[in-house]
Amino acid sequence: MINKSVKVAGATAALAIVLIMTAALVPGLSDRIAQGVALVASSPGQGGFSLTDPAGKTVTDRDYRGRFMLVFFGYTFCPDVCPTTLTVLAGALDRLAPATAAKLVPIFITLDPERDSPAVMGQYTAAFSPAIVGLTGSADDLARVKQSYRVYSARVPGSAPDLYTIDHSALLYLIGPDGRFRATLDPGHSAAELAAALTRAVE
């Protein structure tokens with residue numbers, strides 16, 4: 001039986017090869033990939049969402065029309081990737097010009113509805129930046145959003161039933177003011193680099 005991590009690694013390597021080959025054929029694409037922006041064949045996020053914000057209010061992707069959405073998936077008990085990415089994101093937001101920041105709404109969607117209530121999400125995102133909107137929902141709601149964005153996640157049992165972790169993909173999805181997918185951004189950059197990439201994309 002093939003281990004899931006091997007499957008994911010193989011898929012990642014295959015995608016990298018496709019991007020490299022495509023970059024050689026499309027002028028300017030290699031520059032965009034080097035900037036942490038990768039194009040994909042099919043557009044994630046086109047199914048929209050209906051989730052719950054920290055105030056307990058139901059919100060949909062249409063509530064953010066007219067602004068860019070920068071969407072990241074994770075969970076509040078995440079030991080490394082999520083807090084690191086949100087720290088970089090918060091630093092990038094602080095570096096944006098006010099006019100640029102006004103065009104952008106950063107959204108953190110949980111992959112752990114069992115533990116991440118609206119209140120928990122609100123407290124967690126506020127610890128990084130008041131601009132970041134934390135969204136949760138039912139397991140079915142979140143499953144639909146995961147499918148729409150092509151997000152990988154898998155629950156990993158811990159030493160006790162409530163001590164599980166979640167393996168998950170870690171990309172930032174940039175959705176345009178019209179609700180259409182624009183790009184994925186690699187969170188493995190500095191706050192300054194991410195701020196520069198966001199400025200280029202939003203402006």
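The values are calculated or read from the model by the stated rules, or taken from the named source; none is laboratory data. All values derive from a computational prediction rather than experimental measurement. In this analysis, Cβ positions are derived from the backbone assuming ideal geometry, glycine residues included, and neighbour counts consider all displayed protein chains.
Within the range 156-203, restricting attention to residues that are of a type in the set (S, T, N, Q) and more than 13 Å from the chain's Cα centre (by Cα), which residue is modelled with the lowest pLDDT? Step through it out loud before you land on a result.
Here is the first cut: in the range 156-203, the residues of a type in the set (S, T, N, Q) are 159, 165, 169, 184, 190, 199.
Next, from what is left, pick out any that are more than 13 Å from the chain's Cα centre (by Cα): 159, 165, 190, 199.
Working: SER159: 89, THR165: 97, SER190: 93, THR199: 95.
The residue in question is SER159.
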Any chance the range 42-49 includes a residue that's modelled with pLDDT of 80 or more and in the same structural domain as SER148 (by TED's automatic domain parsing)? yes
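Of everything in the range 54-72, what is among the hydrophobic types (A, V, I, L, M, F, W, C) and within 21 Å of PRO177 (Cβ to Cβ)? Give them in sequence order.
Taking the range 54-72 first, the residues among the hydrophobic types (A, V, I, L, M, F, W, C) are 55, 59, 68-72.
Across the range 54-72, the qualifying residues are VAL59, PHE68, MET69, LEU70, VAL71, PHE72.
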